[in-house]
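Inspection log for the structure reproduced underneath, given as C-alpha coordinates.
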Amino acid sequence: MNRARPTRAQIKSMHQLFQRSPDGSPNYRAFRKRFRLLSFDSIFGGTWHGMFIGIETDGYRHS
(Lines give C-alpha, C1' and ligand atoms only; values in the text may rest on other atoms or scores of the structure.)
Protein backbone atom coordinates (compact mmCIF):
# COMPACT_ATOMS: atom_id res chain seq x y z
CA MET A 1 0.00 0.00 0.00
CA ASN A 2 1.32 3.44 -0.89
CA ARG A 3 1.74 5.94 1.89
CA ALA A 4 -0.13 9.16 1.31
CA ARG A 5 2.11 12.16 0.86
CA PRO A 6 1.33 15.73 1.82
CA THR A 7 0.82 18.31 -0.92
CA ARG A 8 3.38 21.06 -1.47
CA ALA A 9 1.06 23.49 0.31
CA GLN A 10 0.82 21.16 3.33
CA ILE A 11 4.60 20.76 3.43
CA LYS A 12 5.04 24.55 3.28
CA SER A 13 2.51 24.95 6.10
CA MET A 14 4.33 22.39 8.28
CA HIS A 15 7.64 24.13 7.58
CA GLN A 16 6.17 27.49 8.60
CA LEU A 17 5.07 25.98 11.92
CA PHE A 18 8.55 24.53 12.43
CA GLN A 19 10.15 27.91 11.72
CA ARG A 20 7.84 29.63 14.22
CA SER A 21 8.78 27.08 16.88
CA PRO A 22 10.23 23.56 16.58
CA ASP A 23 8.39 22.67 19.82
CA GLY A 24 11.17 20.38 21.04
CA SER A 25 11.95 18.67 17.74
CA PRO A 26 15.67 18.40 16.98
CA ASN A 27 15.13 18.98 13.23
CA TYR A 28 12.47 19.50 10.57
CA ARG A 29 12.33 15.82 9.62
CA ALA A 30 11.48 14.80 13.20
CA PHE A 31 8.91 17.61 13.38
CA ARG A 32 7.22 16.52 10.16
CA LYS A 33 6.89 12.92 11.38
CA ARG A 34 4.39 14.17 13.98
CA PHE A 35 1.86 14.76 11.22
CA ARG A 36 -0.18 11.86 9.88
CA LEU A 37 -2.90 11.40 7.30
CA LEU A 38 -6.25 11.76 9.05
CA SER A 39 -8.80 11.01 6.37
CA PHE A 40 -9.34 10.00 2.81
CA ASP A 41 -9.59 13.71 2.01
CA SER A 42 -5.80 14.00 2.49
CA ILE A 43 -5.98 16.10 5.64
CA PHE A 44 -2.80 15.83 7.70
CA GLY A 45 -2.84 16.44 11.44
CA GLY A 46 -0.49 16.52 14.38
CA THR A 47 0.32 18.23 17.64
CA TRP A 48 2.10 21.54 18.09
CA HIS A 49 2.40 23.28 21.47
CA GLY A 50 -0.34 21.12 22.99
CA MET A 51 -2.82 21.87 20.21
CA PHE A 52 -3.99 19.50 17.52
CA ILE A 53 -3.41 21.12 14.12
CA GLY A 54 -5.16 19.98 10.96
CA ILE A 55 -3.70 20.97 7.59
CA GLU A 56 -5.96 20.99 4.53
CA THR A 57 -4.67 20.15 1.04
CA ASP A 58 -4.40 23.89 0.25
CA GLY A 59 -2.18 24.46 3.31
CA TYR A 60 -4.85 26.05 5.48
CA ARG A 61 -4.26 25.21 9.18
CA HIS A 62 -6.85 24.99 11.91
CA SER A 63 -6.93 23.68 15.45
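Quick check: net charge around residue 60, other residues with Cβ under 14 Å of its Cβ, Lys/Arg +1 and Asp/Glu -1?
0
Would you check the accessible area of residue 63, probe 1.4 Å, heavy atoms only, in square angstrom rounded to 10?
110
If each of residue 40 and residue 28 carries a label point 7 Å out from its Cα toward its Cβ, how far apart are those two points in nm?
That separation, rounded to one decimal, is 3.3 nm.
Count the net charge of all other residues whose Cβ sits under 13 Å from the Cβ of residue 50, scoring Lys and Arg as +1 and Asp and Glu as -1.
That works out to 0.
Return a whole-number percent for the relative contact order of region 18-63, with Cα pairs under 8 Å and 6 or more residues apart as the contact set.
22
Determine the gain in length on full extension of the stretch residue 62-residue 5; use 0.36 nm per residue of separation and subtract their C-alpha separation, reporting nm with one decimal.
18.6 nm is the gain from fully extending residue 62 to residue 5.
The values are calculated or read from the model by the stated rules, or taken from the named source; none is laboratory data. Small disclaimer: the values here were computed from a predicted structure and weren't measured. Counting neighbours? That spans all protein chains shown, and the Cβs are built from the backbone with ideal geometry, glycine included. Only protein heavy atoms, including side chains, enter the accessible area calculation; ligands, DNA and RNA are left aside. Shrake-Rupley method; radii C 1.70, N 1.55, O 1.52, S 1.80 Å.
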